[in-house]
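**Student:** Take a look at the following structure, please.
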Amino acid sequence: MSNRELILEIGTEEIPARFMDSALDQMEEIAVNLFDENRIKIDKVKTYGTPRRLTLLVKGVEENQADLEEKKKGPAKQAAFDDQGNPTKAAEGFARSQGVRIQDLTIEEFQGGEYVFATKKIQGGKTIELLPGILRKVIEDISFPKPMYWYSKEVRFARPIRWILAMYGEDKLPFNYAGLEAGNLTYGHRFLAPGPFEVKAPGEYLKIMADSYVIVDQEEREEIIKKQAKEAATSLGGVPLQEEGLLNEVNYLVEYPYAVAGEFSSDFLEIPEEVLITSMQSHQRYFPVVSREGSLLPYFITISNVKEDVKGNVKVGNERVLKARLADAQFFFREDQKTKPDEYVEKLKDVIFQEDLGTLYDKTQRIKKLSEYMAEKMNLKEEPQKQVSRVAYLCKFDLMTLMVYEFPELQGIMGREYADLAGEGEVIARGIYEHYLPRYAGDELPETLAGSLVSLGDKIDNIVGAFGIGVQPTGSQDPYALRRQALGIVYILLESDISLPLSSLIEVSMESFKGKNLKKKEEEILPEVMDFIRQRIRHVFLEKGLRYDLVDAVITTDYEVIPRSYKKVQNLAQAITKPDFARLMTAFTRVANLAKKVSAPGEVQEDLLEEEAEKVLYQEYLKVKRGTLSLLQEKDYAGALEQMAYLQKPVDDFFDQVMVMVDDEKLRNNRLNLLRDIRDLFQKYADFSKVVEQ
């Protein structure tokens, strides 16, 4: 037999579900790398996981390590051999140190010289002798967000390890880790078939697990959960809400899934659906059941780690727990409505947002000021402006409610519900909810203008405040999720086509922090925040499939108004496909290169223009400038590019007929200033020097 199967099972106390996917991915990657480093050929690697085990199964493991041919460089040829070709002491010493004969040394060229080389062949060892060290390394190298120490300070894992199964074919692979000796024993379901069970070969493992009520393959287990949940919900006249994250978590909470359907009193349906769903999904790990039309039904599906619920204890127990939680939610819901939204806003004065930045009420006032500024600059009518102001004023009120205190993930959602019940109207209620959007990558964006502006106000306030007190992101650290919020700003401005200058929004936000304990001056905060958002703009534009060089060309000179910058890049992407663009790029490059040499910046003096070509170029520049600036103002970016293209021929004629770097300083500076003006006109659109010609 030229190769065999290998199995490593790390048996543990229950590992948190959120650790599992990463641990299994790491286990596979570590193993593949170690086999490669040790020159052991393998065919296929697969990892399996349940709450109590991480398993590595490797097929086609060669029985012998591949041989290694190692070449070592020695002294230069002239130092290793004398004029007669006899080896010197240097050659003899090198050969001896490498364990080869003098006559086996070779002479090869290396970096322009000739050197002596020794080639050694190292015979590969037996795989079975190397595997214990490899498998121990696999265990040691798996990392977890919060590892535990239980055996010694040198040993850490997600949870204490209780057994190790390690076999190569029919051979056990004995090694010690955390006081445990690896062997050929495994353990089944904690209650249904605890074991131990002997494994005679890796090929038996999956069957032994299945017989001991452990579905070790997480993909198979997930399919069983989805199938059983669907069947259980169908029997109740509905379908299960199987949110992907919850499904993944539940999958790693059980080893032998069994779906159990439960119900709750329809009286609880008076509570907003989001509250009921959150209670079931986030707190109980249940799958809610909805009708074919999408309305919530008074049922749930729980996935139990048992063979079957013969006596109904699982059903009754879970119904009892959910009833108590929903009764609390119902109480909160009724009590919260006894207080008006405006009264909750007053309570925000007693809650610190951040010790250097004031209370939540202070933050609300800052958001309100910035939101009202944006509404005014967009020339909204009186009623929409009032709506924006009201949404901003109420946007944080639900943080003071009992429901949000118990279920923080419902912030915004309960604000919407309570505002609607209080008669605030649909626009206000929806705006309160939308001001938190987007909450994560790929989340929905605000649909109402009021929600969009207040969301921008909230996020800009967070970023400016954080930068002001010196807690901006560094490296991979971003404890206040400022990168996510900056991305939200970019997406909202772009998708809602809000053409407000970023710098003015940041400046208004900074004004609201006067009197607070900021650690930086305004002149420091503005460029830092602008650059921080610029990086997110680049990310979003690239994500939308735009060329990196075109993005860089535009946002180097203009990222103040995000929709404008995006349209510029789009039009530039179309322009570069046209045949005349290459010549335009050549003209710009020649202009830009010489424009750098301006030593006496100033206005072009027409009376110093002597050559016909420079006079023509100057007049053409003035015409093109008027046209280009007008077209940019009208947001006709394609037209602006076409307008600038008219300068191509007069620029070429200028360089063919005019000497720029003449001895006469006045003439030289005048011509350089003309080129500088032309370069600056181009840069009203983009920095074309960053465009990569293809």
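Bear in mind that the values in this text are calculations on the coordinates, not laboratory data. This one's a predicted model, so the numbers in the text were calculated from it and none came from an experiment. Backbone-built Cβ (ideal geometry, glycine too); neighbour counts: all protein chains shown.
**Student:** Which of 130, 577, 380 sits closest to the plus end of the dipole of the chain, meaning its Cα is farthest towards the positive end, when Lys and Arg get +1 and Asp and Glu get -1 on the C-beta?
**Tutor:** Result: 130, furthest along the dipole toward the positive end.
**Student:** So, one more: How large is the direction-averaged shadow of the alpha-carbon convex hull of region 351-545, in nm²? Each step should come with its number before you reach the end.
**Tutor:** On the way: hull surface 44.0 nm².
The orientation-averaged projected area of the Cα hull of region 351-545 comes to 11.0 nm².
**Student:** Right, another one. Write out the GluC sites (Glu not before Pro) in region 275-324 meeting two conditions: DSSP loop, and at most 14 other Cβ atoms within 10 Å of their Cβ.
**Tutor:** Sparse-neighbourhood loop GluC sites (Glu not before Pro): 293, 308.
**Student:** Continuing with the same structure: Just to be sure I follow: if Rg is taken over the C-alpha atoms of region 200-243 and Rh is the Kirkwood radius over the same atoms, what is Rg/Rh?
**Tutor:** When Rh is taken as the Kirkwood radius, the ratio is 1.20.
**Student:** Placing +1 on the Cβ of each Lys and Arg and -1 on the Cβ of each Asp and Glu in the chain, which of 508, 367, 58 has its Cα farthest towards the positive end of the resulting dipole?
**Tutor:** Checking the options against the dipole of the chain, the answer is 58.
**Student:** Which value, in debye to the nearest 20, gives the size of the charge dipole of the chain about its Cα centre, when Lys and Arg are +1 and Asp and Glu are -1 at the Cβ?
**Tutor:** Approximately 1080 debye in magnitude.
**Student:** Another question about this same structure. Can you work out ³J(HN,Hα) from phi for every residue in region 107-113, in order, using Karplus 6.51 cos²θ - 1.76 cosθ + 1.60 and θ = phi - 60°, giving whole Hz and x for Gly and Pro?
**Tutor:** Each residue of region 107-113 in turn: 10, 9, 7, 8, 6, x, x Hz.
**Student:** Taking H as built 1.01 Å from N, whose amide H comes closer than 5 Å to the amide H of residue 359, not counting residues under 5 places away?
**Tutor:** 353
**Student:** Which shape class, rounded, prolate or oblate, goes with region 68-122 when its Cα gyration tensor gives a ≥ b ≥ c as root eigenvalues, a/c under 1.5 marks rounded, and past that a/b bigger than b/c marks prolate? Intermediate results must be reported in sequence, preceding the final value.
**Tutor:** On the way: a/c = 2.27, a/b = 1.28, b/c = 1.77.
Oblate.
**Student:** Per-residue ellipticity at 222 nm for the chain, helices alone: DSSP H runs ≥ 4 residues times -39500 (n - 2.57), over residue total, nearest 500 deg cm²/dmol?
**Tutor:** Rounded to the nearest 500, it is -15500 deg cm²/dmol.
**Student:** What fraction, in whole percent, of alpha-carbon pairs in region 219-336 exceed 17 Å separation? All intermediate terms of the calculation are to be shown ahead of the outcome.
**Tutor:** Working: 3625 of 6903 pairs.
When every Cα pair of region 219-336 is considered, 53 percent fall beyond 17 Å.
**Student:** Given Cβ point charges of +1 (Lys, Arg) and -1 (Asp, Glu) and nothing else, what value in debye, to the nearest 20, does the dipole of region 1-90 about its Cα centre take? Don't skip to the end; give the middle numbers.
**Tutor:** Values: 14 positive and 18 negative charges, 37 e Å.
So the magnitude is around 180 debye.
**Student:** Over the chain, what portion of Cα pair distances is larger than 42 Å, expressed as a whole percent?
**Tutor:** 56 percent
**Student:** Report the net charge of residues surrounding residue 115, where surrounding means a beta-carbon distance below 14 angstrom and charges are Lys +1, Arg +1, Asp -1, Glu -1.
**Tutor:** Values: positive: 71, 72, 73, 77; negative: 108, 109, 114.
Once all neighbours under 14 Å are counted, the net charge is +1.
**Student:** For the chain, with the dipole built from +1 on Lys and Arg beta-carbon atoms and -1 on Asp and Glu ones, taken about the Cα centre, which of 275, 188, 618 lies farthest toward the positive end?
**Tutor:** 188
**Student:** For a quick check of your reading of the filter: which trypsin sites (Lys or Arg not before Pro) in region 33-64 sit in a DSSP loop and have no more than 16 other Cβ atoms within 10 Å?
**Tutor:** 41
**Student:** Taking amide H atoms as placed 1.01 Å from N in the peptide plane, list the residues 5 or more away in sequence, or in a different chain, whose amide H sits under 5 Å from that of residue 81.
**Tutor:** Residues meeting the amide H criterion: 88.
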